[in-house]
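Take a look at the structure set out below.
The values are calculated or read from the model by the stated rules, or taken from the named source; none is laboratory data. What you see is a predicted model, and the numbers here were worked out from it, not measured in a lab. Methodologically, a virtual Cβ is constructed for each residue, glycine included, from the backbone with ideal geometry; neighbour enumeration extends over all protein chains shown. Areas reflect the complete protein model, heavy atoms only, side chains present, ligands, DNA and RNA absent. Shrake-Rupley method; radii C 1.70, N 1.55, O 1.52, S 1.80 Å.
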Amino acid sequence: MQTEHENQPKELQRSMKSRHLFMLSLGGVIGTGLFLGSGYAIGEAGPLGAIVAYLVGGLLMYLAMICLGELSVVMPVSGSFQVHATKFIGPATGFVIGWIYWLSWALYVGLEFVAAGLLMTRWFPDIPVWIWCVIFTVLLFTINALTTRSFAETEYWFSGIKVLAVILFIIIGAAAMFGLIHMEDAQPAPFLSNFIGDGLFPTGFTGVFISMMTVVYAFQGSEIMGVAAGETENPQKSIPRAIRNIVIRVLLFYVLAIFVLSAIVPWKEVGVLESPFVTVFEMVGIPYAADIMNFVILTAVLSVGNTGLFACTRILFSLSQNGMAHSAFGKLNRRGVPMNALLVTMVFALLSLLTSVVAEETLFVVLLSISGVGGVLTWMAIAFAQYRFRKQYIRTGGKVENLKFRVPFFPFAPILCIIMCLGIFVFTAYDPTQRTSLYWGLGFVIACYIFYYFRYARRNVEVPALTNEQTNDFIQ
């Protein structure tokens, strides 16, 4: 008779469908960065400057996504870019990318609980925020602890609400902009007067560079697609389809939303608004506009927390599989969920909340700094891993035309991605308000490399073996 331990699955289950993967990637990018951060970008760069910043950020996202796509189709494993970095760059880099990515998302999971609690005070001002934090903690933990399918289905509907809100905003805002819907207080239709009234680049190109850092951070989360590749049905078809759709639709949503927003509200005013989307809905007379957007933003916050918890759990599982974390984190329960990794991630997320209260100006600032650097480093690692993979693939006799998904314009695409990521760090270094975050973030990276070489350098770290089909793809 088999024991309970023997009945437990040894590998993650491929239960996500193509629609789940697409909405997971889309939902990871459309969130508070659009609903709340778009006003800041417009205020810093002006209307056209913000659009240029989002287009440049979108190009960087596209380059990172196609590099990740080629790797994920060949090696559709949980942990994705962490495994790719380990295999094609080196175990030390895989170790650093895995832990900095885990730390980044685990911190933001904790922050999302607080953000959700604060949003709930609009409707329930007498209930303490910490009670809502507990409720949402239990909710998201339960969703992730059930099955991968339960997580994917929940995130599908979370993302659907956000996408619907953006589409409605663009349609209603455009109608008001051209006078098809009359605004309150009998304001005339603005057409393009607010958009071009102070010139195309009222703050100069400096504002574009400053806002671009915010834009790039808003686009981070699209790489979640790679983390989910190991649990997706038929990744050879699902991943290319998701990549083809995600970049175009994200850019359309962002660019059209920014265009409509800055055409209706003067750019100097939109930059100081807490939620510019609420302002536009109220200007066209939509009842309960603030409550509607509060619900949408709450959904976006919970979506980020839900996705972050999933990503952290799978990255920690991957690190364990590679011998870079305790073996307990690589164990799955009967439902195919790495429960130990989930529990540790949740505990760290909750502890990070304490640092925002008891060490707000010290440890909490350091954690935020590491998180800000982690996303850009991850994109760099993805591009460099793809570059190394393609070179190795060709060197071992592989034919590029046999790859089911391949990066176009190689090697220009991954090299440009790396250069653009380095450019983000240069812009950060020249911005006094963000320079400290760069020091702490890169300092943590150096510390991780030093720790790896002292702790693991003499060990033979292995990555998950490729299946026969993947091996054929790699060596053909």
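Details
- Across the chain, C-alpha contacts under 8 Å between residues 6 or more apart give a mean separation that, scaled by the residue count, equals a relative contact order of 33 percent.
- Derived from the Cα gyration tensor, the three semi-axes of the equivalent ellipsoid of region 255-332 are 43, 14, 8 Å, largest first.
- Relative contact order of region 216-337, pairs being alpha-carbon contacts under 8 Å that are 6 or more residues apart, as %: 18 percent
- Region 164-258: Rg to Rh, with Rh as the Kirkwood radius over Cα pairs: 1.11
- Under a model in which nothing but the beta-carbon of Lys, Arg (+1) and Asp, Glu (-1) is charged, the chain shows a dipole of about 1880 debye around its Cα centre.
- For region 192-260, the list of chymotrypsin sites (Phe, Trp or Tyr not before Pro) that fall in a loop by DSSP and count at most 15 other C-beta atoms within 10 angstrom is empty.
- Remark on region 21-99: hydrodynamic radius 14.8 angstrom, per the Kirkwood mean of 1/r across alpha carbon pairs.
- Binned Cα-Cα distance frequencies in region 69-143 - 5 Å width, integer %: 3, 14, 17, 14, 12, 10, 11, 9, 7, 3, 1
- Each Lys or Arg adds one and each Asp or Glu takes one away; over the other residues whose Cβ falls under 15 Å from the Cβ of T206, this sums to -2.
- Calculated [θ] (222 nm, deg cm²/dmol) that DSSP helices of n ≥ 4 give over the chain, each run adding -39,500 (n - 2.57): -24500 deg cm²/dmol
- For region 398-433 versus region 63-79, the inter-centroid distance based on Cα atoms is 14 Å.
- Cut-off 18 Å, label 7 Å out along Cα→Cβ of T433, residues of region 246-270 by amide N: 267-270
- Hits among lysines - C-alpha to C-alpha of K162 under 22 Å, sequence gap 8 or more where chains match: K17
- Phi angles across region 280-294 convert, under the Karplus curve 6.51 cos²θ - 1.76 cosθ + 1.60 with θ = phi - 60°, into 3J(HN,Hα) values of 5, 4, 5, 5, 8, x, 6, x, 6, 4, 5, 5, 4, 6, 4 Hz, Gly and Pro given as x.
- Rg(Cα)/(2.2 N^0.38 Å) for region 382-441, N = residue count: 1.56
- log₁₀ of I(q)/I(0) at q = 0.07 Å⁻¹ - the chain, Debye sum with one point per alpha carbon: -0.36
- Rg/Rg_ref, region 132-206, where Rg_ref = 2.2 N^0.38 Å and atoms are Cα: 1.84
- Which of W123, G110, F195, positive extreme of dipole for region 108-204 (C-beta unit charges): G110
- Viscosity 0.890 mPa s, 25 °C: Kirkwood-radius Stokes-Einstein D of region 185-320 over Cα pairs, µm²/s: 135 µm²/s
- Sorting I424, I292 by accessible area puts them as I292, I424; the probe is 1.4 Å, largest comes first, and only protein heavy atoms count.
- Magnitude of the charge dipole for region 124-246, about its Cα centre and with charges confined to Cβ atoms of Lys, Arg (+1) and Asp, Glu (-1), is about 440 debye.
- Legend: residues S193, S320, sorted from most to least accessible area (1.4 Å probe; ligands, DNA and RNA excluded), read S193, S320.
- Cα centroid separation, region 202-226 to region 112-177 (Å): 23 Å
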